[in-house]
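The values are calculated or read from the model by the stated rules, or taken from the named source; none is laboratory data. In this text, all values refer to a predicted model and were calculated from it rather than measured experimentally. Ideal geometry is used to build each Cβ from the backbone, glycine not excepted, and the neighbour counts take in all protein chains shown. Please note that ligands, DNA and RNA were not included when accessible areas were found on the heavy atoms of the full protein model with its side chains. Shrake-Rupley method; radii C 1.70, N 1.55, O 1.52, S 1.80 Å.
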Amino acid sequence: MMKISTCSTYNIYKTILIMSISTLFSCSTCSGQDKGGSESVRPMAVAGSFYPSTKDSVIQMLSEYFQHFNVPSNDNVAAVIVPHAGYVFSGAVAASAFAQINSEREYEHIFLIGPSHHVYMDGASTNNAYDYYGTPLGKVKVDKELCSKLIHDCPYFSCNPDAHIQEHCLEVQLPFLQYHLKKMPPIVPIIVATQSLSTIKKIAEVLKPYFNEKNLFVISSDFSHYPSYDDAKTVDGRTGKAIETGSLDNFLEALSANEKEHISNLATSACGQSAIATLLCITSKLKDIEIHHIQYRNSGDSEYGDHLQVVGYHAFCFTRKRGNDPSVSFSLTDKEKTTLLKIARTTIQNKLTKERKLAYDKDELTETLLMHCGAFVTLNENKQLRGCIGLFGNDMPLYKVVEEMAESAAFGDPRFFPVRKDELDKIDIEISVLSPMKKIKNIDQFILGKQGIYISKGGRSGTFLPQVEDETHWSKEEFLGHCARDKAGLAWDGWKDADLYTYEALVFREK
């Protein structure tokens, strides 16, 4: 069984949140009957508490959030994971994920999937009881036929009105979508109200055919509930890294690890973990899906929150790989990796023995190894760094870059004495083949742990490979600060007005 947070603990937070921000928003009511005719409208349940109740106020608030995320539009967004707390607490984090979507993109449907805070049932409820959902920005059409089809096709789907009428986790996402998308498609509102992993897998199986290029999935979830500010960062960091791997098993293991630490006041690691698990069940075996962590904050970062008991908020974006993007389409076969590792070791050995042993056969130089791209060669001895030199740019073929960087790492890294002949057998070689660099406008576009960073300013430059994060566990700001100071020779915060570039690394090492 997969444990999820109880409704009662989250309702405590909801009550506190409403009390905290109710003075900011004026309340409004919405009847379930559309004044224009017989069409039914699901009334707003939390307008005036979780977010403003008037159109102008909502637009003003959302415009302030979105203006901080001027990122390149992406036509390939397949899903986002976004928080669902009051906007003053989590609105900026949610906007950071929605901003990744090309506002001109026209989806056929948006599948809104979130947890139940009011009822438990062994399955999911999809709301085919209403023609529209009401928000201060207008009505959003529900695809009642598709909702009914899900109920017909799977015994674990039903329509339970109690799961929807007061539920906020889907409602709060709608104004973001209405504000950002030029054309708002029909929605399929789904509440996953079960703890059973076997049931979740059946729900995911039914939804998987709809997880295609025509549709967008929006997963609604907050993260840690009620630990201290610092404990939340630890707990949410573990959960977030597990989601980034795309593995359902890793996600469940992270939840279990958090629970076993018995952290004070930790009620749950993710109130929407059933909804997240549903998405991971769908995507875990899809090779064309990439997962990007966009932002993390918790309620303690808000001017309305304290650091004693907080709620965590992550934003993730799931995208489909683009076939014409070399940074995502580039790959190496196991044989090509073996050839490059052999070239690196033979090059170092030849230098030490003054031999001219051929490092490769001509027929081993595949079309990929003849491509012009950058690479780093890293030497480790007894798991300690012994040398690391790399080259950016496209001036020579990959096999030649590895050959030259291997020699430089062994004999030209100014931080170490040259490698000795008696050391070679103790040295392990790691190669990082680099994708083309992309200039970024702000650090929200930098994915810590997945991308490396290259900092350039005033003729000085430095870089950290993506795997540095695995060794240091620095925050994004610490990663950039150390790179600026320790690698580029700038001030700790020199990255703030420097040119920043990201790249990905295909990393492999000797077995």
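Before we move on, is Ile429 of a type in the set (Val, Ile, Thr) and under 24 Å from Phe318 (Cα atoms)? So Ile429 does not fit the description; no.
Scanning segment 60-98 for residues that are closer than 19 Å to Met184 by Cβ, out of contact with any Gly (no Cβ under 9 Å at 6 or more places or on another chain) and open to solvent by 10 Å² or more (accessible area, probe 1.4 Å) returns Ser63, Phe66, Ser73, Asn74, Asp75.
Return yes when Gly312 is small (Gly, Ala, Ser) and in a strand (DSSP E or B) and no when it is not. Steps first, answer last, please.
On the way: small (Gly, Ala, Ser): yes; in a strand (DSSP E or B): yes.
Yes.
Cβ-Cβ contacts under 6 Å between residues 6 or more apart (or on different chains), taken from a first residue in segment 241-261 that is of a type in the set (Phe, Trp, Tyr) to a second residue that is open to solvent by 20 Å² or more (accessible area, probe 1.4 Å) and in a helix (DSSP H, G or I), are absent. In the set (1) closer than 29 Å to Val401 by Cα; (2) surrounded by fewer than 16 Cβ atoms within 10 Å (Cβ to Cβ), the condition left unmet by Leu352 is number (2). A single entry from Asp306, Asp325, Asp334 fulfils the requirement of being at pLDDT below 90 and farther than 25 Å from Lys438 by Cα: Asp334.
Select from segment 99-108 the residues that are part of a loop (DSSP other than H, G, I, E, B) and either under 14 Å from the mean Cα position of the chain (by Cα) or within 21 Å of Ile191 (Cβ to Cβ) (or both) and list them in ascending order.
Ala99, Gln100, Tyr107, listed by residue number.
Give the number of residues within segment 181-224 that are in a loop (DSSP other than H, G, I, E, B) and surrounded by fewer than 19 Cβ atoms within 10 Å (Cβ to Cβ). Residues in segment 181-224 being in a loop (DSSP other than H, G, I, E, B) and surrounded by fewer than 19 Cβ atoms within 10 Å (Cβ to Cβ): 8 in total. Are there any pairs with C-beta distances below 6 angstrom linking a residue in segment 91-108 that is within 13 Å of Thr319 (Cα to Cα) to a residue that is surrounded by fewer than 24 Cβ atoms within 10 Å (Cβ to Cβ) and polar (S, T, N, Q), with the two at least 6 apart or on different chains, and if so which? That search, which allows pairs on different chains as well, returns Gln100/Asn74; Asn102/Ser73; Asn102/Asn74.
Looking for something over 21 Å from the mean Cα position of the chain (by Cα) and on the phi > 0 side of the Ramachandran plot - is there at least one such residue anywhere in segment 487-500? Looking for residues that are over 21 Å from the mean Cα position of the chain (by Cα) and on the phi > 0 side of the Ramachandran plot, one finds at least one in segment 487-500, hence yes. If the condition is being surrounded by fewer than 18 Cβ atoms within 10 Å (Cβ to Cβ), hydrophobic (A, V, I, L, M, F, W, C) and part of a helix (DSSP H, G or I), then segment 245-300 contributes Leu252, Ala257. Within segment 159-180, identify whether any single residue is over 25 Å from Tyr107 (Cα atoms) and touching a helix residue (DSSP H, G or I) at 6+ places or on another chain (Cβ under 7 Å), and answer yes or no. No: zero hits.
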